[in-house]
Amino acid sequence: MAALLALTGCTSDLPNAEPAAADKTDKTSEFFNQAEYDRQLKFRTATPVGPDGKPWEQMLDPELADTAKYAKPGGKHHLCFSNAAVNNPWRQVGWKTMQQEVKLHPEITKFTVLDAEGKDDKQISDLQSLAGRGCSALIVSPNTTATLTPAVEAACATGVPVIVFDRGVQTKCPVTYIHPIGGFAFGADGAEFLKEKVPAGGKVLALRILPGVDVLEQRWAAADKIFAGSGVKVVGVEFTGGDAAKTKSIVSDYLQREGKIDGVWMDAGATAVAAVEAFQDAGVPVPPFVGEDQQDFLRTWAADKLTAVAPTYPTYQWRTPVIAALRILEGQQVPKEWVLPQPKITQVQDYVEQDMPPLHYAMCGCESMPGYPGPWR
Amino acid sequence: MNWRPRLADGTAPVLIVLVVLLVTLAFVGPTFSEPAGYLALLKRAAPLVILAVGQYFVIVSGGFDLSVGSLVTAAVVIAARLSDGADANTGWVIALLLGFGLLVGLVNGLITTRLLVPSFIVTLGMLLVLDGAVFLWTDGAPRGALAPSFRVFGRGGFGQVPWSVLILLGVVVAAAWFMRSGTGRTLVALGDNENAVRLAGGAVHRLRVLAFVLSGLLAALAAILLAGFAGVSAQVGQGLEFRAITAVVLGGVVLGGGRGSVVAAAAGALSLEALFTLLNLIGVSGALESAVQGVILIAAVAAAAHGKQLRRTHEQEVVRPGRGGAARADGVHQ
């Protein structure tokens, strides 16, 4: 048995496997891109263009493009949407928000939605099917970037204005591509917070969901870069698989192994509460924490007076494609790349909602929509 | 009287593995020099050990229960929705969850025995049904919250000793006692030779259903402990069925049934959890966990098959087929 275990040990240099934590900070991730990193970090302080208090209508550093050729005066629009999936709480909150946004606009008379259920092949056939349904505009939230590119190109070729949001595609044919600033900014927001709050030489534990997903890899690549240039010591980088019990076990193990953990960085907040509980159950103070804008984490943060920050990948971006589609159909200019602000939560009391579900995302921009909170419960 | 603790066939090797792992832990982890470290390990391992005990009943009688992972997820999600953070609900929610586990086991058992569908397929179907139902019901995001009094069983303790450890002890003792009763022995015999049991007048169908019901019930119990330990999550049960099967196989229980002890299955689960803790403590990436689990699964089944073959040869050589000889061959080749 020992020999067999050693054998599996030899395979640890698979592309995605993490080597022992100690030498982790010496290398730069293959997902790191200095130019894009600099661009995203700059966006964080840029002044957005657009109405105050409505970040889903704001844009950063926009390069407006003409859309006159898509103008379709008279209303009665048939809006179509090819959705990658609704298989996680983030997409659930976003999807509910988008449905309410559609209800706000009487000029949309028909809203056709096909859910790809997280499958590339299904989304490719969904896009083909939507091509024959007389859509006025087509919104696409691609399941994966590379595989969906040809299908999106084919949709563009039908002459219908195509709006892509969340994950991108490798083609310039959509009229606009809508997304928040991005993964580097997200990862940096948390890492900079720990760099400031954790004393020099302090031990930081990094918890990630899973390897190989570009958005998540970007978050870690940015954090890794910032930690490398700081006094804090990253004692471990672990994958939790999004599982609360596993997260709690990993944190408990690290508390045993290291004696003390001075900060926790996470690439997503779904299991942040479990990680916090590991400290509480061990009877030690909770160190500075990076979470996300899920209500369960925000409530724990407020109730236990944590030192924490919550970078967000705002769900209000699900409102923007509908708004963009209508502007395009009115012939108004939209940015070719519509970069939305990506706030981080530092004042938790402004975002805690005691009666929302534990995995409701606070940054939904939905509080002022008619019917709130009904559909989001 | 010279009473010696009687260990069932194949229990010794896994106990040795377990002891080696625990001793190594004491050298590697500073907290394992005190009982508190081991209690924490037991607390964490409790849900898996309980699942493994349930899985043992099904495997030793010749079946598989693949539905336990999604049963755990379903139970946790249901608990969060119904408990809704109110302590007053805890009592009836727990009763309802155990009833739900029992019902799922009953359905698995009845379909296997009455409709003659292999248990592998029945429980695979049940896994998919429960997964789908949970998704449909929650829209992918669990709602509600678990009351503090509900979470006590997985999170709190009686003084230094976690409740989950006490519950675990209760389950293992009851299971060991059950396996020494006539019904328990017939269950093992059922996995070995169903026809023999039938001809001897055993209630084959009823026994099989009982195995699935016990597995379902224990899965619900594991869900209560897991939910208490870590809170609400729609991923909580993912892969637990394979982990439980690995644990049982590591305990020397033969797939296909008829051989193996429940204490060894429990020890297998504890060894698996101790091994993962050890790997983490010495800094091996968590990503290797599933690879290690896969290697253990294949190696343990291969060892069991190898042992079986040697046992046959051995039995032929000594002409006198005997349990003692078989047990020795088993011990050497695990």
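Burial of accessible area (probe 1.4 Å, heavy atoms of protein chains only) in the stretch A:259-285, relative to its chain alone, reaches at least 30 Å² for A:Glu277, A:Asp281.
Annotation: peptides B:12-18, A:355-361, B:271-277, ranked by per-residue average of other Cβ atoms within 10 Å with the highest first, follow the order B:271-277, A:355-361, B:12-18. Accessible-area loss of 10 Å² or more (1.4 Å probe, protein heavy atoms, chain alone versus all protein chains) is found in the stretch A:340-374 for A:Pro357, A:Pro358, A:Leu359. For a straight C-alpha distance cut-off of 19 angstrom, the lysines reachable from A:Lys233 (same-chain residues fewer than eight places away being disregarded) are A:Lys24, A:Lys27, A:Lys195, A:Lys197, A:Lys203, A:Lys225, A:Lys260.
If you count, for every residue in B:152-163, the Cβ atoms of partner chains within 10 Å of its Cβ, what is the mean?
Details: counts 0, 0, 1, 4, 1, 1, 0, 0, 0, 0, 1, 0.
The shielding value for this peptide is 1.
At a 1.4 Å probe, what is the % contribution of carbon and sulfur to the accessible area of chain A? Carbon with sulfur: 53 percent of the solvent-accessible area. Interface burial in the stretch B:199-240 reaches 50 Å² or more for B:Phe229, B:Ala230, comparing the full protein assembly with the chain by itself; accessible area from heavy atoms with a 1.4 Å probe.
Straight-line reach only, C-alpha to C-alpha below 24 angstrom: list the lysines that A:Lys110 could link to, leaving out same-chain residues fewer than 8 apart. Reachable lysines: A:Lys69, A:Lys72, A:Lys76, A:Lys96, A:Lys122. The sum of -39500 (n - 2.57) across all DSSP H runs of n ≥ 4, divided by the residue count of chain A, sets its helix-only mean residue ellipticity at 222 nm to -11000 deg cm²/dmol.
Spin-label pair A:Gln347-B:Val301: with each label point 7 Å from Cα along the Cα-Cβ axis, the two points sit 5.9 nm from one another.
Buried surface between chains A and B: roughly 2900 Å² of accessible area, summed over both sides, computed with a 1.4 Å probe on protein heavy atoms only.
Mean separation of Cα pairs under 8 Å and 6+ residues apart, divided by the residue count of the stretch A:134-212: what relative contact order is that in percent?
Details: 76 pairs, mean separation 19.3, N = 79.
Once normalised by length, the contact order is 24 percent.
Given axes a ≥ b ≥ c from the Cα gyration tensor, I'd like to know whether chain B is rounded (a/c under 1.5), prolate (a/b larger than b/c) or oblate. Oblate, because a/c is 1.5 or more while a/b does not exceed b/c.
Taking the 1.4 Å solvent-accessible surface of the stretch B:11-284 as the whole, the part contributed by carbon and sulfur is 71%. As a rough guide to protection, the peptides B:223-229, A:284-290 ranked by mean Cβ packing within 10 Å, highest first, stand as B:223-229, A:284-290. Candidate cross-link partners of A:Lys248 among the aspartates and glutamates, defined by an alpha-carbon separation under 18 Å and a same-chain spacing of 8 or more, comprise A:Glu238, A:Glu258, A:Asp262, A:Asp267, A:Glu277, A:Asp281, A:Glu292, A:Asp296, A:Asp304, B:Glu273, B:Glu289.
Think of a 1.4 Å ball rolled over the protein heavy atoms: the stretch B:11-284 then has 38 Å² of accessible area per residue. Mean residue ellipticity, 222 nm, helices only, chain B: the sum of -39500 (n - 2.57) across DSSP H runs of n ≥ 4, divided by residue count and rounded to 500, is -25000 deg cm²/dmol. Accessible area per residue for chain A is 39 Å², calculated with a 1.4 Å probe on protein heavy atoms, without ligands, DNA or RNA. The order of the peptides B:86-95, B:36-45, A:298-307, A:315-324 by mean Cβ neighbours within 10 Å, most packed first, is A:315-324, B:36-45, A:298-307, B:86-95.
The values are calculated or read from the model by the stated rules, or taken from the named source; none is laboratory data. What you see is a predicted model; the values in this text were computed from it and never measured. Methodologically, a virtual Cβ is constructed for each residue, glycine included, from the backbone with ideal geometry; neighbour enumeration extends over all protein chains shown. Protein only, heavy atoms only, side chains kept; ligands, DNA and RNA dropped before computing areas. Shrake-Rupley method; radii C 1.70, N 1.55, O 1.52, S 1.80 Å.
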